[in-house]
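**Q** Could you have a look at this structure, given as structure tokens, before my questions?
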Amino acid sequence: MKKNTIIYWTTTSLFSAMMLFSASMYFTSPEVQSNFTKMGFHDAFRIELGLAKILGALVLLIPFFKGSVKEWAYAGFGITLISASILHASNGDPVSMIVSPIVFLGILAASHIFWKKRMQVA
């Protein structure tokens with residue numbers, strides 16, 4: 001059980017830290033803002049996505065949230081990461097920008113798997 005807890009908190013913390021960093025860049029980086037505009041997104045989408053990442057990371061990190069709320073956070077992040085990879089590929093971005101969301105999808109999947117394992121024991 002201890003191994004599952006360690007893996008869960010390590011992957012969840014790493015993933016959430018990345019999402020919080022990403023969200024902060026959505027609000028503070030002029031480069032990120034111009035990239036959203038270049039891809040044809042309205043500025044409101046950047047703000048909405050940044051807020052969703054903050055809320056989702058908090059849901060994953062705070063033990064108070066359980067069940068379907070946490071499942072929706074995992075699903076939302078999964079959709080976001082797959083969409084990001086497809087978008088970067090369709091824009092002809094460097095391979096690193098296409099692969100990065102997939103790597104974080106793997107970390108998210110590990111977090112979800114070990115969250116489920118922990119819930120089976122509880």
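The values are calculated or read from the model by the stated rules, or taken from the named source; none is laboratory data. Predicted model, so just to flag it, every value in this text is computed and none were measured. Cβ: placed from backbone, ideal geometry, glycine included. Neighbour counts: every protein chain shown. Side chains are part of the model used for accessible areas, which takes the heavy atoms of the whole protein and leaves out ligands, DNA and RNA. Shrake-Rupley method; radii C 1.70, N 1.55, O 1.52, S 1.80 Å.
For (1) within 30 Å of V121 (Cβ to Cβ); (2) in contact (Cβ under 8 Å) with a residue 24 or more places away in the chain; (3) touching a helix residue (DSSP H, G or I) at 6+ places or on another chain (Cβ under 7 Å), each residue gets a yes or a no:
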{"residue": "K3", "(1), (2), (3)": "yes, no, no"}
{"residue": "T12", "(1), (2), (3)": "yes, yes, yes"}
{"residue": "S29", "(1), (2), (3)": "no, no, no"}
{"residue": "V32", "(1), (2), (3)": "no, no, yes"}
{"residue": "H42", "(1), (2), (3)": "no, no, no"}
{"residue": "G56", "(1), (2), (3)": "yes, yes, yes"}
{"residue": "G67", "(1), (2), (3)": "yes, no, no"}
{"residue": "T80", "(1), (2), (3)": "yes, yes, no"}
{"residue": "L87", "(1), (2), (3)": "no, yes, no"}
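**Q** Exactly one of these conditions fails for T80: (1) more than 16 Å from M119 (Cα to Cα); (2) open to solvent by 80 Å² or more (accessible area, probe 1.4 Å). Give me its number.
**A** Tallying (1) more than 16 Å from M119 (Cα to Cα); (2) open to solvent by 80 Å² or more (accessible area, probe 1.4 Å), T80 fails exactly one: (2).
**Q** Would you say K53 is open to solvent by 80 Å² or more (accessible area, probe 1.4 Å), of a type in the set (K, R) and either part of a helix (DSSP H, G or I) or under 17 Å from W9 (Cβ atoms) (or both)? Steps first, please.
**A** Details: open to solvent by 80 Å² or more (accessible area, probe 1.4 Å): no; of a type in the set (K, R): yes; either part of a helix (DSSP H, G or I) or under 17 Å from W9 (Cβ atoms) (or both): yes.
No, not satisfied.
**Q** Is one or more of the residues making up the range 95-109 under 26 Å from K2 (Cβ atoms) and of a type in the set (G, A, S)?
**A** Scanning the range 95-109, I find at least one residue that is under 26 Å from K2 (Cβ atoms) and of a type in the set (G, A, S), so the answer is yes.
**Q** For M25, are the conditions met, namely being more than 20 Å from A109 (Cβ to Cβ), surrounded by fewer than 17 Cβ atoms within 10 Å (Cβ to Cβ) and in contact (Cβ under 8 Å) with a residue 24 or more places away in the chain?
**A** Details: more than 20 Å from A109 (Cβ to Cβ): yes; surrounded by fewer than 17 Cβ atoms within 10 Å (Cβ to Cβ): yes; in contact (Cβ under 8 Å) with a residue 24 or more places away in the chain: no.
In short, no.
**Q** Now, a different point. For the range 56-101, name all the residues that are part of a helix (DSSP H, G or I) and charged (D, E, K, R).
**A** Across the range 56-101, the qualifying residues are K70, E71.
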